[in-house]
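S.K.: Here's a structure for you.
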Amino acid sequence: MVVKLETSLIKEWNGYMGRPFLISGPCGAETEEQVMDTAKQLAKMNKVSIFRAGIWKPRTRPNSFEGVGIEGLKWLRNVKKETGLPVATEVANEKHVYEALKYGVDMLWIGARTSVNPFTVQEIADALKGVDVMVLIKNPINPDIELWIGAIERVAKAGIKRLGAIHRGFSSYEKTTYRNQPNWQIPIELRRRIPDLPIICDPSHISGVREYIYEISQKAMDLNFDGLMIESHNNPDKALSDAAQQLTPNDLKELMSRLILRNASPSDPKLLDVLGELRQQIDIFDDHLIDLMEKRMKVAETIGKYKKENNITILQSTRWDEIIRKATIKGQSKGLSPELIDNLFKAIHQESINRQMKIMNNGIEDHDHLNH
Ligand code: PEP
Ligand code: MN
């Protein structure tokens, strides 16, 4: 079912300078100097449409930097005055909305930890009734497109016209290359369901580290996203939140110059990068295999120490036969060929033996032990 909302075109938004509509600034406002210096450098680029900075930071654990609060809104007001850039911040309750509007914030975004909660989204939507401000809604932490659309609808119903979505990836239990899984099929489905809604990709929060920001940005452009939200800090390594994923304004400039913009029609089925999605899954499983292998080798080493202390030979062929036999049966039940199991386990076994040999022959701390 296609949802029809009365939203305005992104081309009509403040600050629009063409595609990608670029929103940039630090994860969090920390000091007036940091905010102002970063903003001035970003303004000079002539590519940034909106300056962002979190004033209230949702943190996983207490006692981390939770934002400077209302004080930071004054800094944003000064940024706007000095650079002319429209400013944006995250709101997570109605009080945030009132405070931000009081200080003339031009764009509000609802964070991933807020868009999961319909009560809070409704509270924010109610506070936005009759207000003309740009609002972006980040995808909820969990990969639930209905919840995302629901949040968008609540805000649209409040009468917000300059409304858009931010794709910032989805949390998963698996430890993966990226901090948050992109699940590209979800924003693609969002585009199908609400064709006129601008979608901004947030490669910083998907990636979690600087090195992947470019590839994710490029992919978002290839998928015909309207814009990008990229965190930028004048001294990223010293940032009080999300230090690893922020770029200096210079690095952002360099990244933008490398982006290739292709023209694609939004209805082009090729935009759905099935292969990319599947490769992502393969990467997750390969990461898993390596983690498991590491754990297995640690246990093998502990066994090696035990064998040494108790004068047991390393190779005990009955045990090895048993391992291979069980693995072959289990593998077959899962459709894995005996050759695969045999090759794989031989390699693993060899590595275990090598490690145990090393411990047997020259474990220094164990040497002492033997002499006692
Ligand atoms: C942020 O933009 O700094 C932020 C907290 O994002 P998210 O809600 O996507 O985690
Ligand atoms: Mn952040």
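The values are calculated or read from the model by the stated rules, or taken from the named source; none is laboratory data. Since the model is a prediction, treat every value here as computed from it, not as a measurement. Ideal geometry is used to build each Cβ from the backbone, glycine not excepted, and the neighbour counts take in all protein chains shown. Quick note on the areas: whole protein, heavy atoms, side chains included, nothing else; ligands and nucleic acids left out. Shrake-Rupley method; radii C 1.70, N 1.55, O 1.52, S 1.80 Å.
S.K.: Treating cross-link reach as a plain straight distance, find the aspartates and glutamates whose alpha-carbon is under 17 Å from the alpha-carbon of residue 102, omitting any fewer than eight places away in the same chain.
M.R.: Partners within reach: 71, 90, 94, 126, 132.
S.K.: For the chain, set up a GNM with springs between Cα atoms under 10 Å and report which of 331, 111, 208 has the largest fluctuation.
M.R.: Of the options given, 331 has the highest mean-square fluctuation.
S.K.: Roughly how far apart, in whole Å, are the Cα centres of region 1-30 and region 220-256?
M.R.: 16
S.K.: Right, another one. Of the accessible area of the chain, with the probe set at 1.4 angstrom, what percent is carbon plus sulfur?
M.R.: Of all accessible area on the chain, carbon and sulfur atoms account for 53 percent.
S.K.: Suppose every K and R has +1 on its Cβ and every D and E has -1 on its Cβ; what is the size of the dipole of region 9-60 about the Cα centre, in Debye to the nearest 20?
M.R.: 280
S.K.: So, one more: Spin-label point model (7 Å from Cα, Cβ direction): what's the residue 339 to residue 281 distance in nm?
M.R.: 2.5
S.K.: With a point put 7 Å past each Cα toward its Cβ, work out how far residue 19 is from residue 361 in nm, to one decimal.
M.R.: 6.2
S.K.: Across region 111-262, how large is the tail of the calculated P(r) beyond 18 Å, expressed as a percent of all Cα pairs?
M.R.: Pairs farther apart than 18 Å: 59 percent.
S.K.: Still on this model: Using +1 at the C-beta of Lys and Arg and -1 at the C-beta of Asp and Glu, which of 124, 315, 343 has the Cα lying farthest in the positive direction of the dipole of the chain?
M.R.: Looking along the dipole axis, the top candidate is 124.
S.K.: Each label point is 7 Å from the Cα along the Cα-to-Cβ direction; what then is the distance between the points at residue 299 and residue 3, in nm?
M.R.: The two pseudo-label positions are separated by 4.6 nm.
S.K.: Among 42, 76, 340, whose mean-square fluctuation peaks in a Gaussian network model of the chain (Cα, cutoff 10 Å)?
M.R.: The residue with the greatest mean-square fluctuation here is 340.
S.K.: With the cut-off at 26 Å, tell me which of the pairs 219/334; 81/157; 4/138; 47/80; 40/157 have Cα atoms farther apart than that.
M.R.: Correct reply: 219/334; 81/157; 40/157.
S.K.: With both bridge residues required to lie in the chain, what share of the DSSP beta bridges run antiparallel, to the nearest 5%?
M.R.: Expressed as a percentage, antiparallel bridges in the chain total about 5.
S.K.: Leaving out ligands and nucleic acids, note down the accessible area per residue over region 46-123 with a 1.4 angstrom probe, in whole Å².
M.R.: 45
S.K.: Still on this structure: Using Cα springs under 10 Å in a Gaussian network model of the chain, which residue among 70, 303, 216 shows the largest mean-square fluctuation?
M.R.: Residue with maximal mean-square fluctuation among 70, 303, 216: 303.
S.K.: Tally Lys/Arg at +1 and Asp/Glu at -1 over every other residue whose Cβ is under 13 Å from the Cβ of residue 174; what's the total?
M.R.: -2
S.K.: Just want the answer: with Cβ charges of +1 for Lys and Arg and -1 for Asp and Glu, which residue in 197, 26, 114 is farthest toward the dipole's positive end in the chain?
M.R.: It is 197, whose Cα lies furthest towards the positive end.
S.K.: Further question on the same structure: Roughly how many debye, to the nearest 20, is the charge dipole of the chain about its Cα centre, given +1 on each Lys and Arg Cβ, -1 on each Asp and Glu Cβ, and no other charges?
M.R.: Computed charge dipole of the chain: roughly 380 debye.
S.K.: What ranking, highest mean first, results for peptides 173-182, 244-253 when packing means the other Cβ atoms within 10 Å averaged over each residue?
M.R.: So the peptides 173-182, 244-253, ranked by packing, come out 244-253, 173-182.
S.K.: Can you tell me which lysines have their Cα less than 18 Å from the Cα of residue 308? Leave out same-chain residues fewer than eight positions away.
M.R.: Partners within reach: 298, 358.
S.K.: Put +1 on the Cβ of each Lys and Arg and -1 on the Cβ of each Asp and Glu in the chain; which of 244, 362, 7 then has its Cα farthest toward the positive end of the dipole?
M.R.: Farthest towards the positive end: 7.
S.K.: Compute the angle between helix 32-45 and the longest alpha-carbon principal axis of the chain, please, reported from 0 to 90 degrees and rounded to the nearest 10.
M.R.: Tilt of helix 32-45: around 80 degrees.
S.K.: Also, I was wondering about something else. Bin width 20 Å, origin at 0, all Cα-Cα pairs of the chain: what percent of pairs per bin?
M.R.: Binned Cα distances yield the sequence 26, 43, 22, 9, 0.
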